[in-house]
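Here, each number is a calculation from the coordinates, and none is a lab measurement. Computed from a predicted model, the values in this text were never measured in an experiment. Cβ coordinates were reconstructed from backbone atoms using ideal geometry, including for glycine residues, and neighbour counts include every protein chain displayed.
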Amino acid sequence: MNIQDNMVKELFENKSIKALKYLIECGRELEFNYNNKDGFISRDNSDSFVSVWIDKNEQSFDSIDELIEKAKIDNILFKDAWKEIVLDVLY
């Protein structure tokens, strides 16, 4: 098993924010759900380095750290919503 496989396992089994950061920085993309709202984190076609899409509304940031600290879902910071986010698919 390689490092990315280990990080995917850590993300889905432990819901590790460190694993999320690593995987997004490596170019992976994540689909998730929060309070019946679909979300997607991607570096592809982002206005900046990385974007989070919540119900087709984009928030762009210069880093995954900035996204985690400043992105909002239903006026709740992403980092505070993280424990309630349901992970769907990692690409």
Cα gyration tensor shape for segment 5-47, rounded if a/c is under 1.5, else prolate or oblate: oblate
Flagged links, alpha-carbon separation over 18 Å, of 9/79; 18/70; 15/83: 9/79
Separation in nanometres of the label points that stand 7 Å from Cα toward Cβ, at residue 38 and residue 9: 3.1 nm
Residue 91 paired with residue 76, simple spin-label distance in nm, labels 7 Å along Cα-to-beta-carbon: 2.6 nm
Rounded to 10°, Cα long-axis angle of helix 3-14 versus longest principal axis of the chain: 60 degrees
Under 17 Å from residue 56, Cα to Cα: lysines that are on another chain or at least 8 residues apart: 37, 72
Three-way shape label, segment 3-90, alpha-carbon gyration tensor, a/c 1.5: oblate
